[in-house]
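What follows is one structure encoded as C-alpha cells, with my remarks underneath.
Each reported figure results from applying straightforward, stated rules to the coordinates on display, with no laboratory input. It should be emphasised that the depicted structure is a prediction, and the values quoted were computed from it without experimental measurement. Cβ placement follows ideal geometry from the backbone for every residue including glycine, while neighbour counts extend to all protein chains displayed.
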Amino acid sequence: MNKGFTLIELMTTISVIAIISAVVFADFSGTERRLALKQAAYRVAQDIRETEQMALGGVNANCGGLNFCGFGLEFDPLKDTRSYWLFADCENDCSAGIYKRDSNDTVVKAVLLSKGIEIKTVSPANLNIVFSPPDPVVNINKVAWGTEAEITLKTSKDETRKVRVNSAGRIEVE
C-alpha cells in the first residue's frame with residue numbers, strides 16, 4: 001500500500017493554485033489605481049468642506065492690512081495638473097466681487113494629488129471657489145448664485161471621477 005502523493009499529483013495541485021492566484025491578483029494594480037482615484041476625489045471634497053468650515057468658523061487669516069474676503073480653493077490644470085491650493089482671499093477689492101487667488105492672498109495649504117492622479121478638467125476654467133463669511137456665501141469664479149463647478153480627476157489609464165460643488169455649497173462625488 002502506497003501512502004503518499006505522486007509527483008504528478010503535487011505538480012497538478014501546484015499548477016491549479018498558481019492559476020487561481022494569477023487570476024485573483026492579475027488586476028491588483030488596476031484596483032489600486034481605482035482606489036487611489038476614489039481617495040483623491042473624496043480628499044478634494046473634504047478640502048472643499050474644510051474650506052467652507054474655516055469661513056463658517058470665523059477663522060481669521062493674516063492679510064497684512066488688506067480686507068479678508070474669505071477662504072477659497074484654486075484649481076488650474078493649465079498651471080499644474082497635480083496640485084490645487086487652499087487660500088485666504090486677502091484683497092482690497094472684495095466689495096467689487098473679485099473672488100480669486102492672486103498675489104495678495106495667503107496660501108493656507110498646497111495639496112499634491114497622489115501619484116498617478118491628475119486634474120483632467122475643471123469647469124468653469126481656472127476654477128476659484130471662495131467661501132465668504134459669515135454665511136458663507138459661495139463664489140464660484142466670481143458668481144455667487146446659480147452656478148456649479150466640476151473638477152474631473154483622472155488616472156494614468158484615463159479612468160475618471162468627478163467632484164461637483166454648487167453655489168449653495170452642496171458637494172457631490174461621482
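Under 8 Å for C-alpha pairs, at least 6 residues apart: give me the relative contact order for the stretch 4-149, rounded to a whole percent. The normalised contact order for the stretch 4-149 reaches 22 percent.
Computed extension length for Glu172-Asn67: 34.7 nm, one decimal, from 0.36 nm per residue of separation with the Cα-Cα distance subtracted.
Tally Lys and Arg at +1 and Asp and Glu at -1 over the other residues with C-beta under 12 Å from the C-beta of Val59: what net charge comes out? Walk me through the numbers before you get to the answer.
Details: positive: none; negative: Glu50, Glu52.
Once positives and negatives cancel, what remains is -2.
In order along the stretch 122-131, the Karplus-derived 3J(HN,Hα) couplings, from 6.51 cos²θ - 1.76 cosθ + 1.60 at θ = phi - 60°, round to 10, 9, x, 4, 6, 6, 10, 10, 10, 9 Hz, and Gly and Pro are given as x. Counting other beta carbons within 10 Å of each residue's own, what order do Cys69, Cys90, Cys63 fall into, fewest first? Result, fewest neighbours first: Cys63, Cys90, Cys69. From the alpha carbon centroid of the stretch 134-174 to that of the stretch 1-44 is 39 Å.
Classify the stretch 1-59: rounded, prolate or oblate, from the alpha-carbon gyration tensor (a ≥ b ≥ c, eigenvalue square roots; a/c under 1.5 rounded; otherwise prolate if a/b is larger than b/c)?
Numbers: a/c = 13.24, a/b = 4.82, b/c = 2.74.
Prolate shape, in that a/c is at least 1.5 and a/b is the bigger ratio.
The angle separating the long axis of helix 28-56 from the principal Cα axis of greatest extent in the chain is about 20 degrees.
Exposed loop sites here are chymotrypsin sites (Phe, Trp or Tyr not before Pro) assigned a DSSP state other than H, G, I, E or B and surrounded by at most 13 other beta carbons within 10 Å; excluding them, the longest clear run of the chain is 6-144.
Taking the number of Cβ atoms within 10 Å of each Cβ as an exposure proxy, the fewest-first ranking of Lys162, Lys115 is Lys115, Lys162.
Say R0 is 41 Å: what FRET efficiency, to the nearest 0.05, do Leu7 and Glu32 get from their beta-carbon distance? List each step's numbers first, then the result.
Details: r = 37 Å, r/R0 = 0.91.
E between Leu7 and Glu32, to the nearest 0.05, is 0.65.
In terms of the Cα gyration tensor, with a ≥ b ≥ c the square roots of its eigenvalues, is the chain rounded because a/c is under 1.5, prolate because a/b exceeds b/c, or oblate? Numbers along the way, then the final one.
On the way: a/c = 3.76, a/b = 3.51, b/c = 1.07.
Because a/c hits 1.5 or more and a/b exceeds b/c, the chain counts as prolate.
So what's the angle, to the nearest 10 degrees on a 0 to 90 scale, between helix 7-25 and the longest Cα principal axis of the chain? That works out to roughly 10 degrees.
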